[in-house]
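Below: the structure, in structure tokens.
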Amino acid sequence: MNTTYQQLLFKWSTLAPYECLATDHHHKFKVKILAAVEKRNSDNAWRLVTSENLAWRLANDQRVVFTQLNFVLLTILHHCAASYYKIDFTFAPQGTTAVICNGLQSQPHPHLAIAALDAYIQLLEF
């Protein structure tokens, strides 16, 4: 799961560097803070997001990972809403899948933020 999330964040930073930036550490990324998602004093604020030990952090109920995942989810939802792209989620025992524009479907993931990011990457690649 760590590798998948890291790969998705890396693809996001490659396809949309104005939304997500890779850092010098292979498991840390900076995601642009949108005013509609989180209020900041600066129009150029970024939040650090990490893929390091994601599975362990989720299993051990680490608050910081949920905050980061929720931030990524809200950011993607905002990007979709701003472009009038519909995003739907399906919850199943094997994981959550996200579908954007009635056709770009993610793989099942343990958190809906990762599923949303997977589908959003497909949209950016489209």
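The values are calculated or read from the model by the stated rules, or taken from the named source; none is laboratory data. This is a predicted model, so every value here is computed, not measured. Reconstructed Cβ throughout: ideal geometry from the backbone, glycine too, with neighbour counts over all protein chains shown. SASA here: full protein model, heavy atoms, side chains in, ligands and nucleic acids out. Shrake-Rupley method; radii C 1.70, N 1.55, O 1.52, S 1.80 Å.
When the stretch 16-27 is filtered for residues that are open to solvent by less than 70 Å² (accessible area, probe 1.4 Å) and either in contact with a helix residue (DSSP H, G or I) (Cβ under 7 Å, 6 or more places away or on another chain) or farther than 27 Å from residue 126 by Cβ (or both), the ones remaining, listed by number, are 16, 19, 20, 21, 22, 27.
For the stretch 27-36, check the following and say yes or no: at least one residue is touching a residue at least 40 places away in the same chain (Cβ under 8 Å) and in a helix (DSSP H, G or I). Within the stretch 27-36 (the criterion being touching a residue at least 40 places away in the same chain (Cβ under 8 Å) and in a helix (DSSP H, G or I)), the answer is no, since none of the residues qualifies. For the residues 115, 92, the requirement of being closer than 17 Å to residue 5 by Cβ and of a type in the set (A, V, I, L, M, F, W, C) singles out 115. Can you say whether residue 112 is within 18 Å of residue 55 (Cα to Cα) and not hydroxyl-bearing (Ser, Thr, Tyr), as far as the supplied structure shows? Taking the combined requirement at face value, the residue satisfies it.
Beta carbons closer than 8 Å, at least 6 apart along the sequence or on distinct chains, pair a first residue in the stretch 69-97 that is farther than 19 Å from residue 50 by Cα with a second that is among the charged types (D, E, K, R) and loosely packed, with under 14 Cβ neighbours inside 10 Å for 80/86.
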